[in-house]
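Comments concern the structure below.
The values are calculated or read from the model by the stated rules, or taken from the named source; none is laboratory data. Here the structure is a predicted model, which means the values were calculated and not measured. So basically every Cβ, Gly included, is an ideal-geometry build from the backbone, and we count neighbours across all protein chains shown.
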Amino acid sequence: MSADGRRDARGRQRGAARAHGDGHRSTAAPSQRRRGSDPARTAAFDVLRQVDASDAYANLVLPPMLRDRRVTGRDAAFATELAYGTLRMRGYYDAVLAQCVDRDLDRIDPPVLDLLRMGAHQLLGMRVPQHAAVSETVGLARERVGAGAAQFVNAVLRGITRTPADEWTSRVSAPSVEAGDDVARLAVTQSHPAWVVRALRESLVASGRDASELEDLLAADNAAPRVTLVVRPGLADERDITRPGRSEPDASRGRWAPTAYVLPGSDPGAIPAVRDGRVGVQDEGSQLVTLAFLAASVEGTDERWLDLCAGPGGKAALLAAVAGERGARIVANEVQPHRTELVHRSLGAVLADAVEDVRTGDGRDVGRDEPAAYDRVLLDAPCTGLGALRRRPESRWRRTPQDLAALTVLQRELLDSAIDAVRPGGVVGYVTCSPHVAETQVVVADVLKARDDVERIDAAAAVREVAGADVPLGDRDDVQLWPHVHGTDAMHLTLLRRR
Ligand SMILES: C[S@@+](CC[C@H](N)C(=O)[O-])C[C@H]1O[C@@H](n2cnc3c(N)ncnc32)[C@H](O)[C@@H]1O
């Protein structure tokens, strides 16, 4: 579209402003304007379409798309915020749109609905100037869906602009406020399914926190997470994330895990040590629970560790790096062959001696096939991922309460197998990236009820040993991290010792 293709600070392409003559509202009807589409908005739209039509994951689709299309810098940041923000806030925008159209939203063509949501996010979530948000989205609609759809998009988005952005929140939440239904109010204003709002409230309380934090937690799910690096011990240090000629690393230290660094930008691939696997991209909560698992003391030898559900290999790489330093070795197991392949890749930089085996297999069989064979077993269980909603923008809309039933059966079976695989005196770490009580406290309690050969050990003490005494944890012996408290994903850690 623009000659120079640059984006101004408010998200509008400079060329677009010129194409409009004065950079303000164009006098030409949208359908009369002729111009190419903005590559950032086009990429965001294509991601939304793939998420909707092909069940794609936005965070897997967008980065390679931007690379292939050579969308970089501010345009890439704009496309990312537009795609991810639109997906996260979909529930809120649908409530707004429902007040601006005269039919049910499910009767709108899916590509048109995506364009409306994208327009809504620019107007209400990104504060892109109204003329740019409307005209650019209408232009994209004309190009990708047709003139009739473009007129409809134009009319609806202009309808949104007639109410000030901050008034929309009270408008869409008025019915739930009147009904005194706080779950419904938070579901719409913070854009989460009501069942997730309820589950998160229950988890907060069950982990010893206050239900009044719920709105902060939901808001944290809607904020783009910062890119966190793991500097794998023994393989890299601060110098590997410091540009030549600089004395300070390009990333700042994390708050809790000594291995964690927060990157100011969003291009970890530009760092050579990331490309060769000595440094990785990993949430700080994941690093912290892995290091806490390794901080718990085992009785006797401590040299053979199992990662029961290892794909794609983030925790396996941290385990193996530490194993290399301590003279231990790991076995990494994963049930899906393509994810086993990812584990291999993730372990590319670690010492060969630190990896005994990387294999494909069902973790539920390991306890039976290799009883009491390991000194430590990490079970990072398959789960709903409700603790990582900020990272997986569409997942809150995909998950259903029915998913829980199957997952919690699997989690119990895997935990039993993990306990069988560890030797007496050894340690099992049970980890989820979900704080849902059914996947955390209830799974552990159920498994422990049926066994007399295992005891809980103090995971909070292990986390404090790694993160320092001031990490806020409450007084339980299991640990629940929270985005709004710790700035991490909502990881859960229970530590057990086999008797
Ligand atoms: C939460 S992810 C693990 C993430 C990994 N620990 C990391 O840090 O990269 C759970 C993994 O468990 C795998 N999985 C699911 N069912 C399994 C089973 N029965 N046995 C082994 N792995 C399983 C999934 O394919 C998925 O890769």
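Quick look at the values:
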item	result
Wholly enclosed helices (runs of 4 or more DSSP H) of the stretch 438-499 bearing at least 3 residues under 24 Å from ALA260 (Cα atoms)	459-467, 483-486
Unique match (being in contact (Cβ under 8 Å) with a residue 12 or more places away in the chain, closer than 24 Å to ARG390 by Cα and in a loop (DSSP other than H, G, I, E, B)) among VAL128, VAL101	VAL128
Pairs with Cβ under 7 Å, 6+ apart, first in the stretch 350-378 and under 24 Å from GLY425 (Cα atoms), second within 13 Å of the ligand (Cβ to nearest atom) and part of a loop (DSSP other than H, G, I, E, B)	VAL355/LEU347; GLY363/LEU308; GLY363/CYS309; GLY363/VAL335; VAL366/LEU308; VAL377/LEU308; LEU378/LEU308
Of the criteria (1) within 16 Å of the ligand (Cβ to nearest atom); (2) more than 26 Å from the chain's Cα centre (by Cα); (3) in a loop (DSSP other than H, G, I, E, B), which one PRO382 fails	(2)
Unique match (being under 25 Å from PRO233 (Cα atoms) and surrounded by 16 or more Cβ atoms within 10 Å (Cβ to Cβ)) among THR494, THR408	THR494
Given (1) surrounded by 15 or more Cβ atoms within 10 Å (Cβ to Cβ); (2) within 14 Å of the ligand (Cβ to nearest atom), index of the condition PRO337 fails	(1)
Any hit, the stretch 178-192, residues being under 30 Å from ILE241 (Cα atoms), assigned to a helix (DSSP H, G or I) and in contact (Cβ under 8 Å) with a residue 24 or more places away in the chain	no
Residues located in the stretch 296-325, provided they are touching a residue at least 40 places away in the same chain (Cβ under 8 Å), more than 10 Å from the ligand (Cβ to nearest atom) and either surrounded by 23 or more Cβ atoms within 10 Å (Cβ to Cβ) or in a helix (DSSP H, G or I) (or both)	TRP305, LEU306, ALA321, VAL322, GLY324, GLU325
Residues being touching a Leu at 6+ places or on another chain (Cβ under 6 Å) and among the aliphatic types (A, V, I, L, M) - total across the stretch 355-380	3
Condition met for ALA53 (modelled with pLDDT of 95 or more, surrounded by fewer than 18 Cβ atoms within 10 Å (Cβ to Cβ) and not in a loop (DSSP other than H, G, I, E, B))	yes
Index of the failed condition, GLY429 passing every other in (1) small (Gly, Ala, Ser); (2) more than 16 Å from the ligand (Cβ to nearest atom); (3) under 24 Å from the mean Cα position of the chain (by Cα)	(2)
Selection status of ALA132, crowded, with 19+ Cβ neighbours inside 10 Å and over 29 Å from the mean Cα position of the chain (by Cα)	yes
Of all residues making up the stretch 340-372, the number that are part of a loop (DSSP other than H, G, I, E, B), within 19 Å of VAL447 (Cβ to Cβ) and more than 8 Å from the ligand (Cβ to nearest atom)	3
